[in-house]
Structure formats: C-alpha cells, structure tokens
Amino acid sequence: MTAAPGTGTGSDDTPDTPDASPQGDDATETQVPGASGEAAEVPAELLEIRRSIDNIDAALVHLLAERFNNTQRVGRLKARHGLPPADPAREALQIARLRSLAAGARLDPDFAEKFLQFLVEEVIRHHRAIAREEGGAAPADAPDGDTPGEDPSR
C-alpha cells in the first residue's frame, strides 16, 4: 500500500506563503514566490487542497494535545499505584488495532505503526518523569535507557 497524502511523501504539505490564498470564489490562480524567487502561478485548486491540509494539521495538534492530557493522567495513576511506565501487552494490541484501522483507511500500516511507536515512546518518557516526581523513581523493570515498550522479561 502507498502512504496517503500528507505523510511526508511530497512537498505539498506546507503552504507557499501565509497569504497565498486567493480572495473570493472567482480566483483561479495566484502568484507566489517560486523556487528561483520569481513569481509562479499556483492553481486555485492546489491552494484549496493546501488549506484543507493546514486545517487537518491544526486538528491533529489539538487531538494530540488532548491525547497527551489523558496519557499524563494515566502516568499519574500508574505512579500512584506503582505500575511500570510501559505496558508491552497493551502496546502490542494498540499497534495491531492501529494497523488494521490504517489498512481500512488506505493509509500505509507501516507508517501508522511508526507514528504510534513515536507517540508511545514519548508517553513512556513522560510516565517515567511522572514516576520520578511522584514516587522517586520509575519501577525497576523500566529504567531510563531501556527501549520504550520493550518487554523487560526478554
């Protein structure tokens, strides 16, 4: 499967300029600085797609903020109850679930897994910091320096 647009596979993930959007419904093209510094025509459709990408990026930022607010709460609960920052069994289930969702959405499952793994690593780092703050140190089976999400019994 190929990665969906906006997964870092192209150069259309960012707007050319902050003010590159055409004004009004009748605008079909606008001039923006090209790679050589000269003005280049950008089709209105491209600008419309880029505005949509920008909106999605904004939504992702807000969703990630909400996700991390919740994972911080999980980290505090784990610290209070002496639970390890990493939960390899849950992480494996989440990876399988996300890969399936990605395939159904025509998004590269490998990309989705890498994205989730990045998030999990950051969450575990936060959980370790919370455990140190609230109880001294993270549980012995997940010291800093271990691979996040790795089963300590291996």
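The values are calculated or read from the model by the stated rules, or taken from the named source; none is laboratory data. Here the structure is a predicted model, which is why all the values come from computation and not from measurement. Here the Cβ is made from the backbone with ideal geometry for all residues, glycine too, and neighbour counts use every protein chain on show.
Given the structure, is Glu122 touching a helix residue (DSSP H, G or I) at 6+ places or on another chain (Cβ under 7 Å), closer than 18 Å to Gln72 by Cβ and at pLDDT 95 or above? Considered against the rule, which asks whether it is touching a helix residue (DSSP H, G or I) at 6+ places or on another chain (Cβ under 7 Å), closer than 18 Å to Gln72 by Cβ and at pLDDT 95 or above, Glu122 comes out as no. In this structure, does Ile53 turn out to be touching an Asp or Glu at 6+ places or on another chain (Cβ under 8 Å), modelled with pLDDT of 95 or more and in a helix (DSSP H, G or I)? Considered against the rule, which asks whether it is touching an Asp or Glu at 6+ places or on another chain (Cβ under 8 Å), modelled with pLDDT of 95 or more and in a helix (DSSP H, G or I), Ile53 comes out as yes.
Test Arg106 against the criterion of being part of a loop (DSSP other than H, G, I, E, B), at pLDDT 95 or above and loosely packed, with under 12 Cβ neighbours inside 10 Å, and give yes or no. The answer is yes for Arg106.
Among the residues of segment 84-100, those that are in contact with a Leu (Cβ under 8 Å, 6 or more places away or on another chain) and hydrophobic (A, V, I, L, M, F, W, C) comprise Ile95, Leu98. Could you list, in sequence order, the residues of segment 125-141 that are modelled with pLDDT under 60 and surrounded by fewer than 16 Cβ atoms within 10 Å (Cβ to Cβ)? The answer is Ala137, Ala140, Asp141.
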